[in-house]
Amino acid sequence: MFKGRKVELRPVREEDAVILQKWYMDKDFRMAYDAYESIDLEDIKEDIRKVQGGIYDPRLDRLMFLVLRQRDKEPIGICCLRNIDRCNGNAEVLLGIGDKDMRLAGYGLDLLIVLLDLAYYELGLEKTYMKILENQPYGIQNALKFGYKAEGHLRRHAFIDGKYVNLFILGLLKSEYSQLSIIPKWKKKIERG
């Protein structure tokens, strides 16, 4: 279990499939979190079985975690490191707060820091990146504000709601992450408990 100030991450379990299915059926959630392949319950369970093994299993190229609200252990979202390239030291970061009422409550920042600590310090990755569709300006804005750098975009890459949209690619190096002013403040608050 990986803990932040407001959230805890734990590996997804097969019994989480029902709540994941509910979130996957939410269009707004799907726009921000695209690390799922199906909304069929049995497919979701199979997807969960594929990521069992733990963070140190070198065969896994994807890790999925259920996001729990720390105060009451209620599931509020999911996050994922996918396309983990252990040879080249990078992975894609995906975050999704499933409960609409929790999306602007400060859980995303806490979740991102916990996941990045895991990526950089537990897995030893050099870089993480995000792929965000242009019709998600809030996601792009938050990633840039946090410290991710724009690395490029794929023009007219996805067909969404009857039109083609660009896909932006943003990256963050481990050295850049460790220099972010928010990180020591956040960790100090964790230590104080």
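Brief remarks on what is shown
- Tally, over segment 46-94, of residues that are of a type in the set (A, V, I, L, M) and either out of contact with any strand residue (DSSP E or B) (no Cβ under 7 Å at 6 or more places or on another chain) or over 17 Å from Leu111 (Cβ atoms) (or both): 4
Residues checked against (1) among the polar types (S, T, N, Q); (2) in contact with a Cys (Cβ under 9 Å, 6 or more places away or on another chain):
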{"residue": "Lys3", "(1), (2)": "no, no"}
{"residue": "Lys6", "(1), (2)": "no, no"}
{"residue": "Asp26", "(1), (2)": "no, no"}
{"residue": "Arg30", "(1), (2)": "no, no"}
{"residue": "Ala35", "(1), (2)": "no, yes"}
{"residue": "Glu46", "(1), (2)": "no, no"}
{"residue": "Tyr56", "(1), (2)": "no, no"}
{"residue": "Asn90", "(1), (2)": "yes, no"}
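- For Ile84, the stated conditions do not hold, so it cannot be described as more than 17 Å from the chain's Cα centre (by Cα) and in contact (Cβ under 8 Å) with a residue 12 or more places away in the chain.
- Gly98 being modelled with pLDDT under 95, more than 11 Å from the chain's Cα centre (by Cα) and crowded, with 18+ Cβ neighbours inside 10 Å: yes
- Cross-chain or 6+ apart pairs with Cβ under 7 Å, segment 94-123 first and at negative phi and of a type in the set (A, V, I, L, M, F, W, C), then in a helix (DSSP H, G or I) and buried (at least 20 other Cβ atoms within 10 Å of the Cβ): Leu95/Gly108; Leu95/Leu111; Leu95/Leu112; Ile97/Tyr107; Ile97/Gly108; Leu116/Tyr177
- Restricting attention to segment 23-42, the residues that are loosely packed, with under 15 Cβ neighbours inside 10 Å, over 13 Å from Ile97 (Cβ atoms) and either modelled with pLDDT under 80 or acidic (Asp, Glu) (or both) total 3.
- Within segment 14-52, tally of residues that are touching a residue at least 24 places away in the same chain (Cβ under 8 Å) and farther than 15 Å from Ile76 by Cα: 11
- Checked against the criterion of being out of contact with any Lys or Arg (no Cβ under 7 Å at 6 or more places or on another chain), under 21 Å from Arg82 (Cβ atoms) and basic (Lys, Arg), segment 150-158 contains not a single residue that satisfies it.
The values are calculated or read from the model by the stated rules, or taken from the named source; none is laboratory data. These numbers were taken from a predicted model, which means no experiment stands behind them. No Cβ is skipped: glycine too gets one built from the backbone with ideal geometry, and neighbour counts run over all protein chains shown.
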